[in-house]
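Notes for the one structure printed next.
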2 protein chains.
Amino acid sequence: MALYVKKFGGSSVATLEKMRHIVSRVLNDKKEEDQIIIVVSAMGNTTDDLLHLASKVENNPFNREMDMLISTGEQVSISLMAMIFNSMGTPAISLTGAQAGIIAEGVFGKGNIVDIKPERVFKALNEGKVVIVAGFQGITPQGDIITLGRGGSDTTAVALAGAMEADICEIYTDVKGVYSADPRIVPNAIKMKEITNAEMLELARLGAGVMHPQSVAMGKRYHVPIHVRSTFTHESGTIIKDSYSKQMESNLICGVAQDDNVARIAVLGLENMPGTAGMLFSELASNEVPVDMIVQSARKLDDKTIDIIFTVASTDLHQAKFVLEQMKQQGKINKVMYDDNCAKVSIVGPEMLGTPGVAARIFGSLGKDNINIDIVSTSKNSISCLIPRTYINKAICAIHDEFFK
Amino acid sequence: MALYVKKFGGSSVATLEKMRHIVSRVLNDKKEEDQIIIVVSAMGNTTDDLLHLASKVENNPFNREMDMLISTGEQVSISLMAMIFNSMGTPAISLTGAQAGIIAEGVFGKGNIVDIKPERVFKALNEGKVVIVAGFQGITPQGDIITLGRGGSDTTAVALAGAMEADICEIYTDVKGVYSADPRIVPNAIKMKEITNAEMLELARLGAGVMHPQSVAMGKRYHVPIHVRSTFTHESGTIIKDSYSKQMESNLICGVAQDDNVARIAVLGLENMPGTAGMLFSELASNEVPVDMIVQSARKLDDKTIDIIFTVASTDLHQAKFVLEQMKQQGKINKVMYDDNCAKVSIVGPEMLGTPGVAARIFGSLGKDNINIDIVSTSKNSISCLIPRTYINKAICAIHDEFFK
């Protein structure tokens, strides 16, 4: 007997036909004593359709009412899936985020799970029911519906698996697992049998789209093994867990990630004195613009001015411009340049900083293909290079070839 | 300063454009200190669309999961309406049935409001917000979403108005008020300024479609004045309240109602002994077939057999047939005849039984038009006649002419 949490995304439950397929699969895989919790997203494009509807209301900020609206998407899919289980003779019950005890707080549309009170889930499991939980949503301590932002259904699944001490959390998706690079770009990318939480978190943070960083972090916190696998095949995918089963499975490099949602901003001619950078970035932070890579160029200690170059998500560029142009008008900064044609390519491995020569091999492989590197940033587990967006696929292939051939 | 509960139905909120119209109207009518609660139904045909979706799941009974599904319809409309208020500069908050403290119990899809805990509604009003409440839905003491069945949003509005001691509950609809007969059939029908709860309840029960009996009963229980009025004009509609403002306003007849959802069933040749009718109707009741008019014909006391003729809703005829054919197979009854071409025409007035001659005038006006009367039933406030369905409009006009010309 095992307790499973299985998560299916919006494309897996886009139609009743697809839901029936999933229900059949779950029932086929289920051993008699197994207990099953299923976390589902909204059907297909439902969430986008609802957002589109709301966008027709003038000056409509993303707030409590938006979450009230879009949380209906999951409520529709959980009820239909429970109906299908019941119609196939297996007792099932659907639970909203609130009913499943998913307590979340923070900004509406970007809630963080802060607690799980799964009494009702346990009760339903003990009554022999399959429990279908609405992903992507929780309830605040004040009783308001709040959604969890991108990747929210994964986060629901992993957090619930953690709180209930499930044996495994299975994330069903349209890819077969976690690859050494995006297989749509690198055809000979390798599917990993296992990857550690720490490395997966780094890959996710750097743009590997399989899982959202927040949900990987949740798995790390709760020590829940996560199995990323395909909705469409029965073969095993990739297990994300605390450490590798055998030390030998650990590679120098575990994967290459890319992110083309990157814009570069250069603030030129800032006064060369303590606090200048702090002033700039605190202004951005207080306007909710997260900054990624940062380079500060002080030419000489006695230079009167410095330049600061940094990156933000392309999707945040509009807001960043708004903040910086305001600072310019206030005379706090002089000249700003924006470049929305950037991408970031990164490699991730268990001991990146402790392995000399890795950086040199990356730079070499990019140099061979005449790809210019703008900014480099490093962390314990990764090295990232900012490059022109047009070269992104070429760069990934070059680096992947260097380390995986 | 007054506390208003205003209810808008699905056709009034079918599009964002229509919602904007309503919001503008509410804001125009609002005096500065007024407190406003708005109860809304699902947009347009949303509920039917969701029911249609669920009907594609095989052998899908109406149960908890169906309510989980269709309750999303109101959640969408309340959130959008709150967004529109906010975008127009008036703070508003949407509340689901659960959040508004609408406690209901009973069969899923046909819940009854058993309690209202409106703390959150009061709190939001005191914060100066317009409160938008999802109609048609409540939460069971066990925490399950339950819908209230036909006319449920009216019931929510009236119950909430009662619990909060609102000054008035306004039901906005596509007709201008309560008429002496359906104005689509009787062009010279008179719009009533006032009508008592008791008479409105009788009219509603007998088929006047303006309000559902359950919501009228709720208004009677809580002594809430209800104003039935048009969404499209500013003129006053009909006020439903405990008693008439002036005694002289009371008429002999206050209205004519019709119901064409009627089927006639004749059970022939039943054994003429005590308990026979009880056996028949308890079997129907335990299979959830409500029976309306009943006639038992014992020809003579020493006859061996009797016939029982009764009516059910046409929509319940299928279930009634199922029960009766089963009883036939078990030998409990012999011969049954079904007739699904019936209608019921009724007149309602404050003192029907105490006014001799009313029945004679009805029978006379129907007889003049050669309309045959099959069954007659009477109550303190009404007289009803079962007639062939094809004559329904003719019958209503004849009776209305008799009493209102």
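The values are calculated or read from the model by the stated rules, or taken from the named source; none is laboratory data. This one's a predicted model, so the numbers in the text were calculated from it and none came from an experiment. In this analysis, Cβ positions are derived from the backbone assuming ideal geometry, glycine residues included, and neighbour counts consider all displayed protein chains. These accessible areas exclude ligands, DNA and RNA; they are computed on the full protein's heavy atoms, side chains included. Shrake-Rupley method; radii C 1.70, N 1.55, O 1.52, S 1.80 Å.
Within the option set B:A189, B:A161, B:A181, being open to solvent by 10 Å² or more (accessible area, probe 1.4 Å) and small (G, A, S) holds for one residue only, B:A189. Taking (1) away from chain A (no Cβ under 14 Å); (2) open to solvent by less than 20 Å² (accessible area, probe 1.4 Å) in turn, B:S11 satisfies each apart from (2). Looking only at region A:332-369, residues that are over 24 Å from A:M200 (Cβ atoms), among the hydrophobic types (A, V, I, L, M, F, W, C) and in contact with a strand residue (DSSP E or B) (Cβ under 9 Å, 6 or more places away or on another chain) come to 6 in all. Taking B:I36, is it modelled with pLDDT of 95 or more, under 22 Å from B:G143 (Cα atoms), out of contact with any Leu (no Cβ under 6 Å at 6 or more places or on another chain) and surrounded by fewer than 24 Cβ atoms within 10 Å (Cβ to Cβ)? Taking the combined requirement at face value, the residue does not satisfy it. Quick one: is A:K6 over 22 Å from B:I84 (Cβ atoms), touching a Cys at 6+ places or on another chain (Cβ under 9 Å) and modelled with pLDDT of 95 or more? Answer is yes for this residue. Against the numbered list (1) closer than 20 Å to B:I294 by Cα; (2) open to solvent by less than 70 Å² (accessible area, probe 1.4 Å); (3) of a type outside the set (D, E, K, R), B:F363 comes up short only at (2). Of all residues in region A:86-102, exactly one satisfies the criterion of being open to solvent by 10 Å² or more (accessible area, probe 1.4 Å), among the β-branched types (V, I, T) and under 24 Å from the mean Cα position of the chain (by Cα), namely A:T96.
Residues that are in contact with a strand residue (DSSP E or B) (Cβ under 8 Å, 6 or more places away or on another chain) and part of a helix (DSSP H, G or I) within region B:10-44 comprise B:S12, B:V13, B:I22, B:V26, listed in sequence order.
Residues that are surrounded by fewer than 15 Cβ atoms within 10 Å (Cβ to Cβ), assigned to a helix (DSSP H, G or I) and out of contact with any strand residue (DSSP E or B) (no Cβ under 8 Å at 6 or more places or on another chain) within region B:288-327 comprise B:H318, B:F322, B:Q326, listed in sequence order. Apart from one condition, A:A42 fits all of (1) under 26 Å from B:A98 (Cα atoms); (2) away from chain B (no Cβ under 13 Å); the exception is (2).
None of B:E170, B:E194, B:E199 is modelled with pLDDT under 95 and open to solvent by less than 20 Å² (accessible area, probe 1.4 Å) except B:E199. If you go through region B:154-166 one residue at a time, do you hit one that is within 14 Å of chain A (Cβ to nearest Cβ), among the hydrophobic types (A, V, I, L, M, F, W, C) and closer than 13 Å to B:I103 by Cα? Looking for residues that are within 14 Å of chain A (Cβ to nearest Cβ), among the hydrophobic types (A, V, I, L, M, F, W, C) and closer than 13 Å to B:I103 by Cα, one finds none in region B:154-166, hence no. In this structure, is B:T72 at the interface with another protein chain (Cβ under 7 Å from one of its Cβ atoms) and either of a type in the set (S, T, Y) or open to solvent by less than 10 Å² (accessible area, probe 1.4 Å) (or both)? Yes: the conditions hold for B:T72.
Taken together, A:I70, A:I38, A:I78 contain a single residue that is in contact (Cβ under 8 Å) with a residue 24 or more places away in the chain, closer than 18 Å to A:A134 by Cα and touching a Lys or Arg at 6+ places or on another chain (Cβ under 9 Å), which is A:I38.
Filtering region A:224-263 to residues that are open to solvent by 50 Å² or more (accessible area, probe 1.4 Å) and of a type in the set (K, R) leaves A:K241, A:K246. Of the residues B:K344, B:K368, which is open to solvent by less than 10 Å² (accessible area, probe 1.4 Å) and either of a type in the set (D, E, K, R) or at pLDDT 95 or above (or both)? Only one candidate passes the filter, namely B:K344. Among the residues examined, B:E58 qualifies as open to solvent by 10 Å² or more (accessible area, probe 1.4 Å) and either touching a strand residue (DSSP E or B) at 6+ places or on another chain (Cβ under 8 Å) or without any contact (Cβ under 8 Å) to a residue 12 or more places away in the chain (or both).
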